[in-house]
Structures are given as structure tokens and as C-alpha cells.
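Visitor: The structure is given below, and queries will be raised subsequently.
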Amino acid sequence: MIIYLLCFILFLVGLYGVLTKRNLIKIILSLSIMEYSANLFLVLFGYKRDALFPILEKGKEIQSMVDPLPQALVLTSIVIELGITAMLVALAVRLYQKYKTFDITKIRRLSG
Amino acid sequence: MIVPYFIIIPLLAAFLITLISSDDDRWAIVISILAVIILGILSVIGFISVSKEAIVYSMGGWKIPYTVCLVLDPFSSFMLFIIPLIGLAALLYSISYIRHLSKSWKYYALFMLLITGMNGVVITGDLFNLFIFMEVALFAAYSLVAYGGKAEEFEASFKYAVMGSISSSLILIGIGLTYSITSTLTLAKIAEVLPGQNPVVVNWIGAIFLAGFGLKAAIMPFHAWLPDAHSSAPAPISSMLSGVLIKALGIYVLIRLFYNVFGLPKIFSDIFLVLGGISIICASLLAISQWDFKRLLAYSSISQIGFILLALGIGTRMAVFGAIFHILNHAIFKSLLFFNAGTVEMALGTRDLRKMGKLGKVLPITSTTSMIATLSVSGLPPFNGFFSKMIIIIAAIQAGFFQSAIVAVIGSVLTLGYFLKVQRHGFHGEKEFNEITNVPSTGMRTAMIILAILCVCSSVLIIPGIKDVVFDPVIDTIINKTEYIQLVLGR
Amino acid sequence: MKQSDGMTVIVKTITRMSVWLIILYGIYIILHGHLTPGGGFAGGVIIALAFLNVMLAYGRKYTEQWLNVRIMYDLVSTGAILFLIIGIFGIALKGSFLANILDLGELFKLESAGVIPIIDIFIGVIVSMGLFVMVWTLAVFHLEDGGEE
Amino acid sequence: MIVDTWVIFILGIMIIGSIAAIEQKEMLSAIITVGIVGLGTSLIFLFLQAPDLAIVQFLFEIFAIIILVRAFIKPDYHKSEPSIMNKIVTVLTVLVLVAILFCSIDMLKALPEFGNPSMETSKYYVDNANAAKETHSANIVTSIILDYRAYDTLGEATVLFTAILGTITILRIKTKKRKSEEAIE
């Protein structure tokens, strides 16, 4: 239970960063912290005590294995995470080009 | 088996466009329009063939809970019909509009990826697969919102992307929690296992999914990104986002999860009612104070989504009918209104209602179709908006939710109020225009006329004989939780 | 920060010696995806990082001569199309999308597992080329003049 | 139980690291710190018997850091003045998040115990290494992502494709000066 709690705290730290920080790059960093925690949650739910990784080796007996399905899912979500980071960086660079700042409070042509 | 082609065709179109196009966008236009037309035909065939029995398709020939399954039932094929319908109109409109902005094949490739994502979300029967295709649609949407290349567009896109990825992380955690207690990802299997689980966890999962998908549907406390994104995007993209995307990614998934999987617990139907009411009233009030045409339309979208959510909260058969009918109607008239806004912006170079004036002479088709759309969205007979809103209000009264009925009536009146403002200042104002620089092209006019005709024609669907054929199977799939489980798990 | 000049001779020499080794290792990881940890995604990123090494060490101009970004970009969509076509072959031959159409072979052999290593190669192409093109586009983007006409 | 201790230890470091990264004034160190947090994730994956994920996370982390450093460019881009409004927002956010944390404790207690998943679906893959026998792939994770759930992977490749196309579109877009802009200027 304490592990889940710590993982959830990590998520909330990321959320805190997104909601309060004003620098575009800080926001992107906080988003990736949130994604780490979401990925960790999935893998933690699949861990089985005293079990081995789900890969067979030649000449070795089949032992009990951890849950491979969450691992497959997390593999996917890591790639998605990189995609969103790249797109956000591209947008941030363009925003800097237009506004000459990374501060979100000064980037405010849209309001209301 | 037609089911996998709903993904294959738009995906193939997107990849082909990227591969063969260089500077020219002619092939891109041909391929994408062809793909959308084929998708439309397929969805009609699908709707006819599934109205008796739905199709479940398992990937790679494996057994169902061990692989991803696709489920084509009347509800999903109904959504699959709306997507290419609005998509075709938007593509016709785009041809000259996008050349006016920045001519590129990338637009069409991203457009096809947007459609792929939405089709994937609508057709899937697997929770994690839904997440992935949602991301495809969202990534395409982020870059299409920024397509205009102006500062505000990047800003709106950044906001949208940040909000979108917060909600994606939330949804991923929700998927993790679901997997931890049910140990499966197939929606039907989850629906079967979930009632026996600890209610605390189940309610938390529901809350997380409501927040995550509510952000995508732009329900009121989670709406902050929508006015920016939908008003900054190019007009055809605004119409796709407002008309289809928030429904396919938001409302459709909410219906699937809370009706078919969770079985609509009382606590969530109450939350739907409250959030729906808040969305209707607050978004309408915010819309009244807007002078930016597209921003006003974006707020109006939030309030119309509120109507759908309210109906879903009521949860009776009639209310669900109102909700899905309103999904169709809102897709049609809101896309038309965004087309109108785009045409006016292109012609006059402004979105400010105060700078517009008498447009009847210079833009006759735009101003006529905008009148039709206005009457439709504000719920005047005989246009389609009237019927869906009336059904929702009647359903509220029948089910004894008088406050909700009153809220819906007030909402309709407010809608009429701010659209009268649009008509009065935007199309019948005092300023005279004799000449305009950018006249709308044939494609743009055709798109507007088609949607305007549909605005009138879709009220035909209310006639009992036609309603029984079109809407009853859809309502049955939404209301019947056990039927969905039996269908997918094959018992 | 001048990017076109590249780094010192030492860095350039070491990069020249190591880049092929890194690419080879990436290919090894991709091909053994069904036997050992790794696979298309991991191997693809390793190859992309090798290209990136060249870009950082030699600078933009040399990399432009060495690598054709346009062809790399076309390879991304080719890889994606081939992945999709394998899926369609599944419909044609086995009656369901993305079915394993090839002979499964013997467990623990490199040429086993039917279609899995082939899809792994396509994913490796998509990831390696695609990620490099992504970083390349970011790198050649100038804040001062980028994108404005 | 040794795994628990390690995971708790690394998670603690990750939380401290992410708070440090978020509150850090200098942007380059913030990016590097987040990189270290990501490597911590990779280490936890190793402890949780997921070598596949550890490799992929490690490599993608390096890539993400390169992209982020590329966006960072110069330190003087990141000047920001403190404002009272921001402090109020920060305090309010912290209060709300702590409230959410306290509410969530009940839910986290009700979850299945760590290290003891029910694995009802994945029994099929793991028992007697059934997945390896059916697909002849020794790596069961690979057999899931490329055979049982290959459709997910197709979607994933599409996501990556969309991200690449989107990045290029965003960075390469050329705008004609529009009338509305001229009117403003």
C-alpha cells in the first residue's frame, strides 16, 4: 500500500507542477513526471512476488513469471509519452519564436 | 467482414498521402475524399447489417479476452456514419480554404489520421486500445489546431496539448486501476467482473474516467481548452473538432463506459445531471458576452454538450433518444456554423461581430445557410434542433426531473438570445459591404448547402416509422448492459 | 552556438569509429526482439541515437551530405505501409487482421515466430528514421527566421 | 521483501528529485534532474522484472532529454518575476492536492496487495509459457505486443507517425500574411 501511495504522490507532484509553474519547459517536465507515475502504476499492478521476467531461456525450466500484459501496455505508453514531449517542445519553440518568452502568463493573446 | 476496414482505409490513405505527395496537394485531395466516401458507404452497409445482430471481430484470430476485439454494434456504426459525413463536408470545404492558408499535403494526411483515431475509438471493444486511438486522434488534432501558423494558434494548441496529456495520464491511471481489480482489458469482461468489486475503488475509477473523458468532451469544469482551440483552428478543423471529435472521444466513450460497463450507478447519473446543467447555463452566459464569432460558437458547443450530458443523466429511454439525436443534430448545425464563420473570416478578414454588417448581398449563400443553422441550433421548428431539444425536455418532465427541464428551457432561450446577436450584428448589421476580396469557392459553398439541407432533412428522422429503424437499435444497445456483455463474450 | 562546425577532431574520430558499431548493435537488438529483451522500439532508438551522434559531432552540413532526410522520411511511411500490408495479408490468408501468416518455426531460433521479427524490423525502421527526422527538424529550426515568409 | 525496500527507496528519491526539478530555478539542471527521475523509473522496472521496459525507458529518456535540451537553448530565456497571484495559486493547489491524497488513501488500501496480482487474463499467456508455445517467441512481452495485441502496436506506430508528422507540420509551417493580421498591425 505504501508503494502505491508513494507512486500516487509522484503523480500529484507532477500535477502540482503543471498547475502552478509558469515556464513552458517546466510544464512539459511536469507532464513527463505524471506519465512516469502512470506507467509505474501499471507495472506495479503486474508485479508478482518471487517471479521472474517473462522471457524464456533455452535449457531453463519454466518458472512462475510476472504479469506480462501491463509491461506490453507500458511499452506502448512510453512511446506515446515521447511523442507528446516532442510535439510540446515543437510548440514551445514556436511560441518562443512568436512571443520571445517561455513564461505562460505573458503568452496571453487569447483570453475570456 | 467489413469491420477492420474502418481502420485500414483511412490509415492507408494517410500513409499513401505521405509517401507519394511532394509539393503538390492534388493527389492528397483525391485520396482523402475517396477514402472518406468509401468510409461513408461502409458505415451505411455496416449499419444495415448490424441492426439485427452486432458483429464482434477478434484480432489475429485469437480468443476474445486475450486479444483486442472490435465491436460493431448499432451505436458505434451510428457514430461511424457521423464521422465521414461531417468529414466529407469539411474536406470539400478545406480544398480552397487550406490553399488560402498554406497549401500542403500534410493537412490531408493529418486529417486522415484524425479520422483514423476517431474511428478506432468508436469501433474498439478494448480499454487500452481505446486509449491508443484516442491519442492518435488527439495528436492529429493538436497539430491541425496549430496549422494556421499564427501565434494564437500555437498558444491554443499548446494549451490543448497540455490539457489533453493531463487527461491522458489520468485515463492511463484509470486503466491501471481497472486492470488491477478486474485483471482484464476487454470492456465487456470488465462490465461483467466490476459489480462484484470493492465499491470504493469502482467509484474512484468512475471519477477518474469522468474527469479524463470529461476533459475531452469539454464538460464545464474541464472546458478551459475548448474555446481557445476551437476558435483558433482553421474553420474546417473547428467544425471537425466541435462537430465530431468531442463527441467521439468524449461523449461516446462516456456513454460506453457509464452505460455499458458501469451500468450507470445513481451517483454518476446525478453528477451527469449537475454537470450538464452547469455546462448549459454557464457556457450560454459566457457565449452571450462574446464578440468573436468563432469563440461564441465554441462556447455554444459546450452548452450543447451540456444538453447531451443532461439527457444522459436522466437515463430513460426517451432521454437517451434525445441525446443521440442531439449528437447528430449538433454535429450538423455546429459544423455549418463554423463553415459560415470561416467564410466570413476569409472574406472580411475579421471574426469580430461588430465589424461585420449586411452580408446578404455579398455572401448570399453564407448568410442564408447561417440563418438556417441559427434557427436550427436555437431550437425553432421545423428544424432538427427543435426536435432533439424538445425530446430532452419532455424526457426530463416525464422522469420527474423538473429542475433539469427548467434548466434546459432556459438554456434554449439563452441560445436563441446569443444567436440572434450573431444574426443581428453579424449578418444584418448596419455596415454596408459592396465588394469582398475572397469569394467562397464552389467547394465551400457546396459543403454549406449540403449541411443546410441536412439541417432540415434530419428532422425527418423523428417520424415514428423511420425512428424505429434508425434509432431504436441504437437506444437498445446503449440501455442494455447485459446484452452487450453477452454479445462480446459470446454467451 | 554554431552547429555547422561540429566538434573537435577527437570527437569526430571516435564518432567515425563507433557509429557503425552502434548501428550494428541496434540492428542486433531489433532482430533478437523475440528472443531477448529489446525489439523494434529499443533498437530503433539506438540507431536514431547513432545518427544523432553524427549530427552532433560533425555538424549539420556534413550530416546533410551523409544522410538524405527526405529519403528517411519516405522510409518512415514505407515502413508504416508495410506494417499495414502485413495486417491486410492476414485478412487475405488467415481471415483476420494482423494474423500470424508465416510459418512459426522452432522456438529459440532466430528465424522463428513467424511474422513477429518482420514487424519488429518495420517498427525499427519507423522508430529510428522517424525519431531522427523529428530531432533533425527541431535542430534545423531557427528561432530568428523559422517558418516566416 | 527486498524488492519492496528498493522500490520504496527509489520512489522516495524520485519524489524528492521531481520536487527539486520543479522548484529548480536553472532550467538545464531541472531537465537533467527529470532525466534522473526517468532513469529511476527505468531502475524500478528492472527491480520489477521488466527488462524490456527498462531498456526502452532508458533509451527514450535519453532521447527526451536531447529534445528538451534542444528547446532550452539559453539560460536567459527563462527569467520570471515572482508574483503574489502565483503564490496564492500555489498554496491553493497544494491544499487541493493534499485533500485529494487523503481521500485516495481509502482507495489505495482497497487495491490488491502489492506483489500479488490476480492475473486472470494473463494466466493464459504465462502458465506453462503458453504464449511462447503458441507464437514461438521466447519473449512473452514481444509475443503480446506483436502478435496477440499487434493491433495496439499498429496504433502505437500510428501515434509515433502522427507525432513526427505533427512536429514537422508545426515547425515547417509557413503562413501567408492574412488580412486580419494586417488589420491589427
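The values are calculated or read from the model by the stated rules, or taken from the named source; none is laboratory data. Since the structure is predicted, the reported quantities are computational estimates derived from the model, not experimental observations. So basically every Cβ, Gly included, is an ideal-geometry build from the backbone, and we count neighbours across all protein chains shown. Remember, those area values only see protein heavy atoms, side chains included, never the ligands or the DNA or RNA. Shrake-Rupley method; radii C 1.70, N 1.55, O 1.52, S 1.80 Å.
Visitor: Return a yes/no flag: does the range B:255-268 have any residue that is at pLDDT below 90 and either at positive phi or in contact with a His (Cβ under 7 Å, 6 or more places away or on another chain) (or both).
Guide: yes
Visitor: Now, a different point. Of the residues in the range C:89-138, how many are within 14 Å of chain B (Cβ to nearest Cβ), under 15 Å from C:GLY79 (Cα atoms) and either in contact with a His (Cβ under 8 Å, 6 or more places away or on another chain) or charged (D, E, K, R) (or both)?
Guide: 1
Visitor: Evaluate the following for D:PHE114: is it touching an Asp or Glu at 6+ places or on another chain (Cβ under 8 Å), outside the structural domain of D:ALA50 (by TED's automatic domain parsing) and under 30 Å from A:LEU15 (Cα atoms)?
Guide: When the stated conditions are applied, D:PHE114 passes them.
Visitor: What residue, among those in the range B:1-42 that are touching a Phe, Trp or Tyr at 6+ places or on another chain (Cβ under 7 Å) and under 21 Å from C:PHE89 (Cβ atoms), is most open to solvent (accessible area, probe 1.4 Å)?
Guide: Here the answer is B:MET1.
Visitor: Next up: For the range D:160-182, which residues satisfy the criterion of being assigned to a loop (DSSP other than H, G, I, E, B) and modelled with pLDDT of 60 or more?
Guide: Within the range D:160-182, D:ILE173, D:LYS174 qualify.
For every residue, the table says whether it meets (1) surrounded by fewer than 24 Cβ atoms within 10 Å (Cβ to Cβ); (2) of a type in the set (A, V, I, L, M).
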residue: B:ASP73; (1), (2): no, no
residue: B:LEU88; (1), (2): yes, yes
residue: B:SER96; (1), (2): yes, no
residue: B:LEU110; (1), (2): no, yes
residue: B:ILE115; (1), (2): no, yes
residue: B:TYR142; (1), (2): no, no
residue: B:LYS150; (1), (2): yes, no
residue: B:ALA156; (1), (2): no, yes
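Visitor: A follow-up question, please. With the checklist (1) within 20 Å of the chain's Cα centre (by Cα); (2) over 21 Å from D:GLU134 (Cβ atoms) in hand, flag the one item C:ALA92 doesn't pass.
Guide: With (1) within 20 Å of the chain's Cα centre (by Cα); (2) over 21 Å from D:GLU134 (Cβ atoms) applied to C:ALA92, the lone miss is (1).
Visitor: Same structure, new question: Tell me which residues, restricted to the range B:185-207, are buried (at least 24 other Cβ atoms within 10 Å of the Cβ) and either among the polar types (S, T, N, Q) or touching a strand residue (DSSP E or B) at 6+ places or on another chain (Cβ under 6 Å) (or both).
Guide: B:LEU185, B:THR186
Visitor: Given the criterion more than 27 Å from C:ASN100 (Cα to Cα) and either away from chain C (no Cβ under 12 Å) or out of contact with any Gly (no Cβ under 6 Å at 6 or more places or on another chain) (or both), identify the matching residue among B:PHE6, B:PHE15, B:PHE47.
Guide: None of the other options fit; the residue is B:PHE47.
Visitor: Considering only helices (runs of 4 or more DSSP H) fully contained in the range B:217-332, which possess at least 2 residues that are open to solvent by 10 Å² or more (accessible area, probe 1.4 Å) and hydrophobic (A, V, I, L, M, F, W, C)?
Guide: By residue number, B:266-288.
Visitor: I would also like to ask the following. Of (1) touching a Lys or Arg at 6+ places or on another chain (Cβ under 7 Å); (2) open to solvent by 30 Å² or more (accessible area, probe 1.4 Å); (3) within 27 Å of B:LEU92 (Cβ to Cβ), B:HIS425 satisfies all except one. Which?
Guide: Of everything listed in (1) touching a Lys or Arg at 6+ places or on another chain (Cβ under 7 Å); (2) open to solvent by 30 Å² or more (accessible area, probe 1.4 Å); (3) within 27 Å of B:LEU92 (Cβ to Cβ), B:HIS425 misses just condition (3).
Visitor: (1) over 22 Å from the mean Cα position of the chain (by Cα); (2) within 20 Å of B:SER43 (Cβ to Cβ): which one isn't true of B:THR124, the others all being true?
Guide: The failed condition is (1).
Visitor: Within the range B:131-138, identify whether any single residue is at the interface with chain D (Cβ under 8 Å from one of its Cβ atoms), buried (at least 24 other Cβ atoms within 10 Å of the Cβ), of a type in the set (Val, Ile, Thr) and more than 23 Å from B:ILE20 (Cα to Cα), and answer yes or no.
Guide: The answer is yes; a qualifying residue exists.
Visitor: Do we have any residue at all in the range C:119-136 that's outside any helix (DSSP H, G or I) and out of contact with any strand residue (DSSP E or B) (no Cβ under 9 Å at 6 or more places or on another chain)?
Guide: No, the range C:119-136 contains no residue that is outside any helix (DSSP H, G or I) and out of contact with any strand residue (DSSP E or B) (no Cβ under 9 Å at 6 or more places or on another chain).
Every residue, every condition in (1) over 19 Å from A:ALA86 (Cβ atoms); (2) open to solvent by 80 Å² or more (accessible area, probe 1.4 Å); (3) within 14 Å of chain C (Cβ to nearest Cβ); (4) in contact with a strand residue (DSSP E or B) (Cβ under 9 Å, 6 or more places away or on another chain), yes or no:
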position: D:ILE13; (1), (2), (3), (4): yes, yes, no, no
position: D:VAL37; (1), (2), (3), (4): no, no, no, no
position: D:PHE45; (1), (2), (3), (4): yes, no, yes, no
position: D:ALA50; (1), (2), (3), (4): yes, no, yes, no
position: D:ILE55; (1), (2), (3), (4): yes, no, yes, no
position: D:VAL69; (1), (2), (3), (4): no, no, yes, no
position: D:LEU97; (1), (2), (3), (4): yes, no, no, no
position: D:ILE100; (1), (2), (3), (4): yes, no, no, no
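Visitor: State all residues of the range B:430-478 that are at pLDDT 85 or above and among the charged types (D, E, K, R); if no residue qualifies, say none.
Guide: Correct list: B:ARG445, B:LYS467, B:ASP468, B:ASP472, B:ASP476.
Visitor: Provide a single number: the residues in the range D:1-11 that are open to solvent by 20 Å² or more (accessible area, probe 1.4 Å), more than 9 Å from chain A (Cβ to nearest Cβ) and touching a residue at least 12 places away in the same chain (Cβ under 8 Å).
Guide: 1
Visitor: Oh, and also: For the range B:117-130, how many residues are hydrophobic (A, V, I, L, M, F, W, C) and within 7 Å of chain D (Cβ to nearest Cβ)?
Guide: Final tally of qualifying residues: 1.
Visitor: List pairs: first in the range B:139-159 and more than 23 Å from D:GLU156 (Cα to Cα) and facing another protein chain (nearest Cβ under 7 Å), second among the acidic types (Asp, Glu) and part of a helix (DSSP H, G or I), Cβ under 6 Å, 6+ apart or cross-chain?
Guide: Cβ pairs passing all conditions: B:ALA156/B:ASP228.
Visitor: Say whether the condition of being out of contact with any Gly (no Cβ under 9 Å at 6 or more places or on another chain) and farther than 28 Å from D:THR169 by Cβ is met by at least one residue in the range B:19-41.
Guide: Yes.
Visitor: Let me ask you something else. Among the residues of the range C:128-148, is there at least one that is under 24 Å from the mean Cα position of the chain (by Cα), of a type outside the set (A, V, I, L, M) and closer than 22 Å to B:LYS63 by Cβ?
Guide: No.
Visitor: Considering every residue within the range C:56-76, establish whether at least one is of a type in the set (Asp, Glu) and more than 12 Å from chain D (Cβ to nearest Cβ).
Guide: There is at least one residue in the range C:56-76 that is of a type in the set (Asp, Glu) and more than 12 Å from chain D (Cβ to nearest Cβ).
Visitor: With (1) part of a loop (DSSP other than H, G, I, E, B); (2) open to solvent by 10 Å² or more (accessible area, probe 1.4 Å) as the list, and C:ILE10 as the residue in question, which single condition is left unmet?
Guide: It fails just one condition, (1).
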